[in-house]
Amino acid sequence: MEKGTQRALKRDGHKTLLIDDGRDSRLIGRKFTQKWALSQARRFKADFVILSKCLGLDLDTVREIVEGKSNVMWYQEPQWYKSAYRPDIAHIVAVGKIAQTFFVSGFEAEWKALGLRAKFLPAAADRDIRPVPQGKRFHSDVSFIGTGDDSARANFLLKIAKKYDLKVWGKGWERWRKPLNWSGRPVEGKEFAAVCSSSSISLGIDSIRAKEGGTYTSPRTWMVILAGGFYLGHGTPGLTEMLREGDHCAWYTDIDSCLAKIKYYLENSASRERIRREGQVFVREHHTFDQRIHNLLSGEAFVNPLS
């Protein structure tokens, strides 16, 4: 997210500085990261500060960096609002309270209840993500890219694997390696695009934590579509208002409707390929970091292009 936002800002003519406090904290230690971040910020003299998780920064460091400057925070893992007792999430809440505006990609009411000035801003993807030529080793009728840390997600996929040619990519699927035809590794960059471009259908399955989020958007939704995937995802009330069924993607509501949609679109390749193309054009026009920087810099609420 941070690098994608930085590239979008540069394309818009802004001079930027990206401080990777997480990496710096691992390399030089937390104490020296505070000094390094402050010295970089003083030297750069920003007019505007965009905050991310800031897990490598002390709260006093964050306050000093944003003091006297317009600022905003954008958080794209909103499903963790229930875990504010955890030190890392408590830190994110505390940083969010410092920010003038706390943009979050779902569960905004729940974050407001935690005392933050929360506004909804959907996740986005880098416009440089593009389809690549199809590759046989990346092909399957149905693919899923994501982590295997959720047994409910695994059980959903197991039911699909019993009926269709499924391949799963990502970390943590050792327990279900054989029945899910697990690749044994994650995919990024051009390989991510190769899976999406080569699969007939790319599945979206929210984690159990995110299922209650009516407007929650995962960055992977936009990434899959930009990478050439035909996206079949869980159709929550908010998401179905941002992407139209039959124009940009397809939606399911439960395992039975998911299986029915898979059957239909495997049998109707012309419709599937039209939706794949039109979805990509729509997301590139409305749901990349290049469109989100207006909201970040102005603090204005997101306006759905389909509304």
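The values are calculated or read from the model by the stated rules, or taken from the named source; none is laboratory data. The structure presented is a predicted model; accordingly, all values stated were derived computationally and were not measured. When we count neighbours, we look across all protein chains shown, and the Cβ atoms used for this are built from the backbone with ideal geometry, even at glycine. The protein model used for the area step is the full one, side chains on, heavy atoms only, and it has no ligands, DNA or RNA in it. Shrake-Rupley method; radii C 1.70, N 1.55, O 1.52, S 1.80 Å.
Tabulated results
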{"item": "Most to least accessible of R137, R276, R117 (protein chains only, probe 1.4 Å)", "result": "R137, R117, R276"}
{"item": "Sequence of E245, E67 from largest to smallest accessible area, 1.4 Å probe", "result": "E67, E245"}
{"item": "Ranked by how many other beta carbons lie within 10 Å on average, peptides 51-64, 18-31 from highest", "result": "51-64, 18-31"}
{"item": "Cross-link table K3/K171; K10/K112; K82/K263; K3/K31; K35/K69; K3/K45, entries beyond 27 Å C-alpha to C-alpha", "result": "K10/K112; K82/K263"}
{"item": "Distance-filtered residues of region 146-161 - backbone nitrogen under 17 Å, label point 7 angstrom along I208 Cα→Cβ", "result": "147-159"}
{"item": "Share of carbon and sulfur in the accessible heavy-atom surface of the chain [1.4 Å probe, %]", "result": "51 percent"}
{"item": "Which labelled figure in [x] 62, 41, 33; [y] 59, 40, 37; [z] 140, 46, 23 is Cα extents along the principal axes in Å, once derived from the coordinates", "result": "[y]"}
{"item": "Solvent-accessible surface ranking, highest first, for R220, R42 at 1.4 angstrom", "result": "R42, R220"}
{"item": "Pairwise centroid distance, computed over Cα atoms, of region 111-125 with region 9-43, Å", "result": "24 Å"}
{"item": "Alpha-carbon centroids, region 247-307 and region 133-173: separation in whole Å", "result": "20 Å"}
{"item": "Helical mean residue ellipticity (222 nm; -39500 (n - 2.57) per DSSP H run of 4+; nearest 500) of the chain", "result": "-12500 deg cm²/dmol"}
{"item": "W182 accessible area, 1.4 Å probe, all protein chains in place, Å² to nearest 10", "result": "30 Å²"}
